[in-house]
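Input: a single structure, listed below in structure tokens.
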């Protein structure tokens, strides 16, 4: 049978960011998929040699807007480890609060985009309407909706007063009720199930061997989440990774849905453990040596390798983002799919191309 | 402070990666680190039960390493990235973008854009304020636009 090459992207209705896939088809079945990158590459790692280690916080926050807070958290943790300091307990708990609010709004954003990818526009609008409540919390507590810029080396620069804590808790009660009201639609609606169940299956072994990360890994039955490393304030919180075993688009969607509720729980736990205290410790000296630090972003494991030489400028900042890890598994599961399922499967990895290319 | 890493010779890399894979390690990523004008090292990161195992492999700039992508398909993307940015090549790369993963035009050994020893820096210039002294401010010297077409901009530190 003759083969046809269909370009998918870089601009496509389901893609929030540009990535190109060359899809080789036989009839309407994908037999090969070749990703092409380079549309939003900014060379941010290279800036490490030109900006000092404090300025780099603003740079890493711009690797990806949606998980900006968690990028700077990972980076600051690495610098703190190099300088032999630890953020105060209150700062570590506040880091949990804002990082989980980020995960929550990221998952709601993705769930909406996912619904849109199979034409369920009212579900998309409902989810984004809920998400706005979280964006309001971010804006009111940090001054910004997306790039909240709360992390500094040694702690955080913003605090929550009693009234803000109460307001966040009250808002989360309503947000949780709103999310739960959509549970049966997201998990059981026949339209959703027909477009997601059994589609784009990544087996447990394949996910592990291909180096998948985050909900892509946990949706295939691997219980691995970097929050198990107990960074920030997670050492004092009850946390178990959310795992699904089907390995298909439905499983990945369900992991993110359940993680949204889990993030609400984690924010509550962290707020309950907030005690008066300092927001930051002073960092003395210059970063020297090399460290690897990892955190769990909404899309999965994020790894930073940092190398300092005792000056203001780091010698190397290497950022391995979760979408970068999930592109090889995506390229592996696309062959064999119907062309009509490609948009849904591509979106099911929650692609963040800004992260991937940096 | 240094990370724990097992130093491995390039010739032993595949055997060591195979051993780690068979021991249940998951490939996480690779990190390229420029050491000086002629030397680099590549760190290979593997994970098992949230514990990282790192391999450290020394290589000369413009050199060649065996590709892990035949053993661990997930390595193809980062190996292509290192080829783009640091001009290292990988033997046996299963999906080889020929130095064009990010760029439309292939990078060459003399235009490895992420090597600081190939970036021209004026001693008195304030970074970012002197048009023409930074690769990003000079048309044709940005990674991927016209690599290697600006003689003099890719010389020593």
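Rule-based calculations on the coordinates, nothing more; no lab input. The shown structure was predicted, so the numbers you read here are calculated from the model rather than taken from an experiment. Cβ: placed from backbone, ideal geometry, glycine included. Neighbour counts: every protein chain shown.
Observations on the structure shown:
- Taking the criterion of being surrounded by fewer than 24 Cβ atoms within 10 Å (Cβ to Cβ) and either within 14 Å of chain B (Cβ to nearest Cβ) or assigned to a helix (DSSP H, G or I) (or both), the residues of segment A:79-91 that qualify are A:80, A:81, A:83, A:84, A:85, A:89, A:90.
- Residue under evaluation residue A:168, criteria (1) out of contact with any helix residue (DSSP H, G or I) (no Cβ under 7 Å at 6 or more places or on another chain); (2) closer than 26 Å to residue A:93 by Cβ; (3) in a helix (DSSP H, G or I), criterion not met: (1)
- Set B:25, B:86, B:44: member being at the interface with chain A (Cβ under 10 Å from one of its Cβ atoms) and buried (at least 19 other Cβ atoms within 10 Å of the Cβ): B:25
- Residues located in segment A:205-223, provided they are in contact (Cβ under 8 Å) with a residue 40 or more places away in the chain and either more than 12 Å from chain B (Cβ to nearest Cβ) or part of a loop (DSSP other than H, G, I, E, B) (or both): A:210, A:211, A:212, A:213, A:214, A:215
- Counted residues, segment A:224-233 - those being away from chain B (no Cβ under 12 Å) and either surrounded by fewer than 20 Cβ atoms within 10 Å (Cβ to Cβ) or out of contact with any strand residue (DSSP E or B) (no Cβ under 9 Å at 6 or more places or on another chain) (or both): 1
- Selection status of residue A:123, assigned to a helix (DSSP H, G or I) and buried (at least 21 other Cβ atoms within 10 Å of the Cβ): yes
- Among the conditions (1) over 22 Å from the mean Cα position of the chain (by Cα); (2) outside any helix (DSSP H, G or I); (3) farther than 29 Å from residue A:89 by Cβ, the only one that residue A:318 does not satisfy is (1).
- For segment A:225-242, a tally of residues being more than 19 Å from residue A:253 (Cβ to Cβ) and outside any helix (DSSP H, G or I) returns 8.
- Qualifying residue in segment B:54-70 (condition: over 20 Å from residue B:34 (Cα atoms) and at the interface with chain A (Cβ under 8 Å from one of its Cβ atoms)): no
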